[in-house]
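Here the structure is laid out as structure tokens; the discussion comes afterwards.
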Amino acid sequence: MAYVRLAETGENLAVGKIVAVGANYKAHIIEMGHDMPEAPMIFLKPATSIIHEGEPIVFPTTGELMHHEVELGLVIGETCKGVPVGEASGMVHAYCLALDMTLRDVQLAAMKTGWPWDTAKGFDGACPLSDALPVTDATALSDLELGLEVNGELRQKSNTNDLLWGPAEIVAMLSEHFTLERGDIVLTGTPSGVGPVERGDEIRAWLGDELSMKFRVA
Ligand code: MG
């Protein structure tokens, strides 16, 4: 069963789906060579892509260029559809640190043909997750530093206050398309600095003062 662990209670919450947005930090859009979007791009990752600390990110056999993307993850607390922006924050039960591991060679090839890029983003191990912390009234999801280093070298560093669309806007937008259910994970996009990892690398990522995680690429 794919799950996210709630740090407060130790409960493993079943994850049905991972809904992600891309193109949500200006500097990353520029580094990818895209035009500024009018809305974030939306895609899904299967729940089977989730792994937890202690498990390796196994380099897939289906691509040759795997990139790291550090992201703020949101854990949906209740089933919802068509949520207004003003009520969307209430649907977010917890937050976590997530990596949107991406086979960039597969993704760029898909972009050229115009075909879906699911296989670039959905392979087993493509969604390493930390434990999730509860969202309270005091949680400032829109002002969290996040960063990632590979073998001790800083690759990504930003703050969620640089998100073009914030957590509430994202949840509202996604819920127009899909019924969101308790346990679903929302990935909010990555800042600039994405880059390749190799077998043997150690990835360390952090979010705010309270969340960090390490994964080895195998
Ligand atoms: Mg991403």
How much accessible area per residue does the chain have, in Å², with a 1.4 Å probe? 45 Å²
Which parts of region 41-73 would a label at residue 212 reach, counting a residue when its backbone N lies under 17 Å from a point 7 Å out along Cα-to-Cβ? 53-54, 70-71
Run the dipole for region 132-218 about the Cα centre, Lys and Arg Cβ at +1, Asp and Glu Cβ at -1, nothing else charged, and hand back the magnitude in debye, nearest 20. 340 debye
Percent accessible area from carbon and sulfur atoms, region 101-181, protein chains only, probe 1.4 Å: 51 percent
Straight-line reach from residue 17: which lysines have a Cα under 17 Å away, not including same-chain ones fewer than 8 places off? 45, 81, 121
Given a 1.4 Å probe and heavy atoms of the protein chains only, how would you sort 112, 121, largest accessible area at the top? 112, 121
Take the alpha carbon gyration tensor of region 1-91, find the square roots of its eigenvalues, order them as a ≥ b ≥ c, and report rounded if a/c is under 1.5; if not, report prolate when a/b exceeds b/c, else oblate. oblate
When the chain is modelled as a GNM with alpha-carbon springs shorter than 10 Å, which of 23, 126, 140 fluctuates the most? 140
Which order do you get for 68, 177, 34 if you rank them by accessible area with a 1.4 Å probe, largest at the top? 177, 34, 68
Given Cβ point charges of +1 (Lys, Arg) and -1 (Asp, Glu) and nothing else, what value in debye, to the nearest 20, does the dipole of region 3-216 about its Cα centre take? 460 debye
GNM on the chain, C-alpha springs below 10 Å: top fluctuator among 179, 188, 61? 61
Which residue fluctuates the most in the chain, going by a Gaussian network model with Cα springs under 10 Å, if the choices are 100, 124, 35? 35
For the chain, what's the radius of gyration and Dmax over Cα atoms, in angstrom? 15.9, 46
For region 3-216, the charge dipole (Cβ of Lys, Arg +1; Cβ of Asp, Glu -1; about the Cα centre) points to a positive end, and the Cα of 147, 179, 76 closest to that extreme belongs to 179
So for region 1-53, Kirkwood radius off the Cα pairs, Stokes-Einstein at 20 °C and 1.002 mPa s: how many µm² s⁻¹? 160 µm²/s
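The values are calculated or read from the model by the stated rules, or taken from the named source; none is laboratory data. Everything numeric in this text was worked out from a predicted model, so none of it was measured. Neighbour counts are summed over all protein chains in view; Cβ atoms, including those assigned to glycine, are modelled from backbone coordinates with ideal geometry. For accessibility, only protein heavy atoms count, side chains too; no ligands or nucleic acids. Shrake-Rupley method; radii C 1.70, N 1.55, O 1.52, S 1.80 Å.
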